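The values are calculated or read from the model by the stated rules, or taken from the named source; none is laboratory data. Just so you know, these numbers come straight off a predicted model, no measurement behind them. When we count neighbours, we look across all protein chains shown, and the Cβ atoms used for this are built from the backbone with ideal geometry, even at glycine. The accessibility values were calculated without ligands, DNA or RNA, using every heavy atom of the protein model including side chains. Shrake-Rupley method; radii C 1.70, N 1.55, O 1.52, S 1.80 Å.
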Amino acid sequence: MKKTRLIQAAALLGVAAISLSACASNESGSSSSTSSLSGQISGSGASSQSGAQEAWKAGFIAANSGVTVNYDPEGSGAGRKAFIGGTADFAGSDAAVSTDELAGKFAACKTNDIVEIPAYISPIAVAFKLNGIDSLSLDAPTITKIFAGQITKWNDPAIADLNSGVDLPDTTIKVIFRGDESGTTKNFLNYLKSEAADAFGSAEVGETFPFASNPNAQSAQKTQGVKQALSNAEGAIGYLDASQAGDLGTVAVNGVKYSADAAAKIVEHSKLVDGRGDADLAYKLDYSVEGAYPIVLVSYLIGCQEYQTEGKGELVKAYFEYVISSEGQKQAADHAGSAPLSDAVTEKAKTAVNAIK
């Protein structure tokens, strides 16, 4: 029966080949198949987490058949708004809760204390479509000038100088950007602003793309919208979760190709943002880590330390425990191509999750 229930859950959620080990207890304490947990929790947020969330839900529900977990991948900004407003029990976000948001109220929480943990780490691919070209090398200033509309042709000398021997076409560069509020956008911009400040200029870093006035720029909604727009437009370039890059050409940033290991390395060697609660694990990325792929998406799960509704905390805590467990991280890596949390980051996340009542 365990096997049947697991296969049914995986089929229902669109996740193939979920391991039978999801039926066993995991090391971080989520319940076994004889779990007495029951009820429903709903999350909302980052579309980048979609594949991982499907895998997490399947594994968790297989071990806790009395629990229903819903997740609406409507985008990071929308997810945080839903959590703040109390219409979601937890949020998934590609950007940490802002200082302004922390100063407000969280309708689902008894107190203003939240839990925020890194759950999904993935490189952000700079992806493009050029017939016959699968890979290019670009540095931060060149990437910034492309997205800001300062470089408009693929055979521009700035690109050619970094790609000796590549036959670059005299094709107009079409920039594809996220039109919705997106933590992926914010992570991407953080890197450009940090490493190419002169080219970035006075533009602001946030969850909206600041160079939309570029006449060759086109917006797309959510991760899948960006992927579709890139796939349909010769000469296009954009940014998206690397797990969704598929057959598109991709950029080696400063000579480093994206990979799960190269993405995880930068998080492991970065520090937490100062001035936040003990259970708020927001990271300030260190782009100077040698050998790391620098444009990284750190996607968080956000919940209350204490919930208004009785029983919600128990369910959210169990779900978060499963997500950060070795089993949960393996499921995300297998089905969404993410980088598993390092042991050091996992231990911090476990401590934070233990704060949920």
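Annotation: of all residues in the stretch 297-338 being assigned to a strand (DSSP E or B) and modelled with pLDDT under 95, the one that is surrounded by the most Cβ atoms within 10 Å (Cβ to Cβ) is L297.
Would you confirm whether any residue within the stretch 154-161 is surrounded by 14 or more Cβ atoms within 10 Å (Cβ to Cβ), of a type in the set (A, V, I, L, M) and in contact with a strand residue (DSSP E or B) (Cβ under 6 Å, 6 or more places away or on another chain)? No: zero hits. Report yes if D134 is open to solvent by less than 60 Å² (accessible area, probe 1.4 Å) and under 25 Å from the mean Cα position of the chain (by Cα), otherwise no. Judged against the criteria, D134 is not a match. When residues in the stretch 164-179 are screened for being within 19 Å of A252 (Cβ to Cβ) and either open to solvent by 10 Å² or more (accessible area, probe 1.4 Å) or among the aromatic types (F, W, Y) (or both), 5 of them pass. For the stretch 339-357, the set of residues classified as open to solvent by less than 30 Å² (accessible area, probe 1.4 Å), in contact (Cβ under 8 Å) with a residue 40 or more places away in the chain and assigned to a helix (DSSP H, G or I) consists of V345, A349, A352, V353, listed by residue number.
Tell me, yes or no, whether the stretch 141-159 has at least one residue that is touching a helix residue (DSSP H, G or I) at 6+ places or on another chain (Cβ under 7 Å), among the hydroxyl-bearing types (S, T, Y), assigned to a helix (DSSP H, G or I) and under 22 Å from Y258 (Cβ atoms). For the stretch 141-159, residues touching a helix residue (DSSP H, G or I) at 6+ places or on another chain (Cβ under 7 Å), among the hydroxyl-bearing types (S, T, Y), assigned to a helix (DSSP H, G or I) and under 22 Å from Y258 (Cβ atoms): present.
Looking only at the stretch 319-356, residues that are touching a helix residue (DSSP H, G or I) at 6+ places or on another chain (Cβ under 8 Å), farther than 24 Å from L240 by Cβ and among the charged types (D, E, K, R) come to 3 in all. Scanning the stretch 258-265 turns up no residue that is part of a loop (DSSP other than H, G, I, E, B), free of Cβ contacts under 8 Å to residues at least 40 places away in the same chain and small (G, A, S). Residues in the stretch 251-269 that are surrounded by 18 or more Cβ atoms within 10 Å (Cβ to Cβ) and in contact with an Asp or Glu (Cβ under 8 Å, 6 or more places away or on another chain): V253, I266.
Of the residues that make up the stretch 124-141, is at least one under 27 Å from T346 (Cα atoms) and in contact with a Ser or Thr (Cβ under 7 Å, 6 or more places away or on another chain)? Yes: the stretch 124-141 contains one or more residues that are under 27 Å from T346 (Cα atoms) and in contact with a Ser or Thr (Cβ under 7 Å, 6 or more places away or on another chain).
Here P118, P141 are screened, and the one residue that is open to solvent by less than 10 Å² (accessible area, probe 1.4 Å) and not aliphatic (A, V, I, L, M) is P118.
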